[in-house]
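Participant: I'd like to ask some things about the structure below.
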Amino acid sequence: MTDDLPIRKIIHVDMDAFYASVEQLDNPELIGKPVAVGGGSKRGVVSAASYEARKFGVRSAMSGVLAQKLCPELIFVKPRFERYTELSQKIRKIFYEYTDLVEPLSLDEAYLDVTENKKGNPSATLIAQEIRQKIKDELGLNASAGISINKFVAKVASDVNKPNGQKTVPPEEVLPFLEKLNIKKFYGVGKVMKEKMYLHGIFTGNDLKQKSIEFLEEHFGKSGAFYYEVVRGIQKSSVKPSHTRKSLAAERTFNENISSEIFMLERLEGIAEEVERRLVKSKVAGKTVTLKIKYSDFTLQTRSKTLPFFISNKELILENVKDLLFQSSLKNSVRLLGISISNLNNETKKKVDSSSEESIDVQLKLDF
C-alpha cells in the first residue's frame, strides 16, 4: 500500500428483503406477517423471505416444504419479477441522481462510487442517508448501506446494521474492522469455504492476516491471493458502471420428475420461448447453446455446442437443444431443465484502468 494514491468513497446499497418487502408494500395485509416469495409448490424453492419469516429460520434457496415446517404460519406468494424490475429501475434512477458510477449486482443491490458526485457532497455517509431516505419517501421501501474505501468493505459493512440501517468504515478504521470480523462475514466465504478456513484455524480476519500468501494460495487456490489482499484493506476492482452480459438463460423445476423425452421437449419449447424473449429484450444473440439437466438425485449435467453463427429465435434454439438432449441417454428421471445462450454478440474487449485500479492506504484521514 502507498500513501500517495487517491482514496475512493464507495457505497453499497442493499434493499431489505426486497421481493418480500415489495409484496408487503403492494398488499398491506401482509405487513408484519411471515412472507415467502416462491416455494409454494411441492418442489418450490423460496426466492426471498420477509424479516418476520427469517426469525423462524426461513431463508432464500430453502425448499418450501422445509420453510413451512419451520414456520407453519408462513404465507407463500408467487414471485412477480416484472414488478420487482420496475421498482429496481426506479431505485437505480435515484442512484444516478448522485453519480454515473453505478454497478448493479442484482435487482436489489448496487455499488456507487461517490468520490466525486453530482451533488458536490464530500460526505459519502450523508449521501447514503439521503439515498435511503429518498427510496423510502418515493417508493416506500427500506434499504441498508455500507460505506467505505472499496467495494469489499462496503458490501460487508452494509450487512452490519440491517435492516434499515447503515455502517460507515472510514479509512483509519478499515484494518481494525476487518481484523475483528468473523470470517463467515467476509463476502465470498460460503459454508464450504468457512469450514475449510476453520480447519486451518482461521476464525477472524486477524487469523486470516497471520497467514502468508503462499499458505493461502496452497490451501485456497486462486481465492488465496484475494483474501490476502482484502483483509489488508486492498481491493483493486473499481466500480464498473456497465456490465457486459455474458449469457442469458431460463430454467424450470417440475412438480413431478419427468422420464420421457417427449414430455421434456414440451417443457423445453416453453423454456426456449422464454430465452428468445429475453434475448430480444436485451437485443443480443449468441453462438453457444447449453442444456442444463438436474436429475431426481440432484446431480447436475450440462451439454453445450457452439455454432458458427449467432442465433436468437426459438426455433433455432430448440433445434440445437434437441440435438443436445438426444446426445446421450439420460441416467435418471429429471426434475429441472434449463437453456442458456452464451458467447453473445455484445462482448467487447475490456479496457484496463490505470491508477483507479490501484490499492490505497487505509491510514489516510478523509471526511467520510
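The values are calculated or read from the model by the stated rules, or taken from the named source; none is laboratory data. Here the structure is a predicted model, which is why all the values come from computation and not from measurement. Reconstructed Cβ throughout: ideal geometry from the backbone, glycine too, with neighbour counts over all protein chains shown.
Participant: Of all residues in segment 195-217, which are farther than 21 Å from Ile234 by Cβ and of a type outside the set (Phe, Trp, Tyr)?
Facilitator: Across segment 195-217, the qualifying residues are Glu195, Lys196, Leu199, His200, Gly201.
Participant: Of all residues in segment 96-106, count the ones that are over 12 Å from His12 (Cβ atoms) and either among the aromatic types (Phe, Trp, Tyr) or buried (at least 18 other Cβ atoms within 10 Å of the Cβ) (or both).
Facilitator: Summing the residues that are over 12 Å from His12 (Cβ atoms) and either among the aromatic types (Phe, Trp, Tyr) or buried (at least 18 other Cβ atoms within 10 Å of the Cβ) (or both) in segment 96-106 gives 4.
Participant: Taking segment 268-295 as the region of interest, how many residues are among the basic types (Lys, Arg) and either part of a strand (DSSP E or B) or within 14 Å of Leu324 (Cβ to Cβ) (or both)?
Facilitator: Within segment 268-295, residues that are among the basic types (Lys, Arg) and either part of a strand (DSSP E or B) or within 14 Å of Leu324 (Cβ to Cβ) (or both) number 3.
Participant: Go through segment 176-201 and give me each residue that's more than 19 Å from Val153 (Cα to Cα) and free of Cβ contacts under 8 Å to residues at least 24 places away in the same chain.
Facilitator: Scanning segment 176-201 gives Lys191, Val192, Glu195, Met197, Tyr198, Leu199, His200, Gly201.
Participant: Does Val65 satisfy being modelled with pLDDT under 95 and over 23 Å from the mean Cα position of the chain (by Cα)?
Facilitator: Yes.
Participant: Could you say whether any residue in segment 44-58 is among the basic types (Lys, Arg) and either more than 21 Å from the chain's Cα centre (by Cα) or modelled with pLDDT of 95 or more (or both)?
Facilitator: yes
Participant: Report the residue count in segment 83-95 for those that are surrounded by 14 or more Cβ atoms within 10 Å (Cβ to Cβ) and either part of a loop (DSSP other than H, G, I, E, B) or in contact with a helix residue (DSSP H, G or I) (Cβ under 9 Å, 6 or more places away or on another chain) (or both).
Facilitator: 7
Participant: Specify the residue that is surrounded by the most Cβ atoms within 10 Å (Cβ to Cβ); the eligible residues are those in segment 57-82 that are assigned to a loop (DSSP other than H, G, I, E, B) and hydrophobic (A, V, I, L, M, F, W, C).
Facilitator: It comes out as Val58.
Participant: Still on this structure, please answer the following. Looking at Phe298, is it assigned to a strand (DSSP E or B) and loosely packed, with under 12 Cβ neighbours inside 10 Å?
Facilitator: Against the criterion (assigned to a strand (DSSP E or B) and loosely packed, with under 12 Cβ neighbours inside 10 Å), Phe298 does not qualify.
Participant: In addition: Look at Lys155 and say whether it is touching a His at 6+ places or on another chain (Cβ under 6 Å) and surrounded by 15 or more Cβ atoms within 10 Å (Cβ to Cβ).
Facilitator: Yes: the conditions hold for Lys155.
Participant: Another question, then. If I filter segment 135-152 down to residues being in contact with a helix residue (DSSP H, G or I) (Cβ under 9 Å, 6 or more places away or on another chain) and surrounded by fewer than 23 Cβ atoms within 10 Å (Cβ to Cβ), which single residue comes out as nearest to Leu87 (Cα to Cα)?
Facilitator: Here the residue is Leu139.
Participant: Can you pull out every residue in segment 23-54 that is out of contact with any strand residue (DSSP E or B) (no Cβ under 6 Å at 6 or more places or on another chain), touching a residue at least 12 places away in the same chain (Cβ under 8 Å) and in a helix (DSSP H, G or I)?
Facilitator: Across segment 23-54, the qualifying residues are Gln24, Leu25, Asp26, Leu30, Tyr51, Glu52, Arg54.
For every residue, the table says whether it meets (1) among the basic types (Lys, Arg); (2) in contact with a helix residue (DSSP H, G or I) (Cβ under 8 Å, 6 or more places away or on another chain).
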| site | (1), (2) |
| --- | --- |
| Glu173 | no, no |
| Lys185 | yes, yes |
| Ile202 | no, yes |
| Asn206 | no, yes |
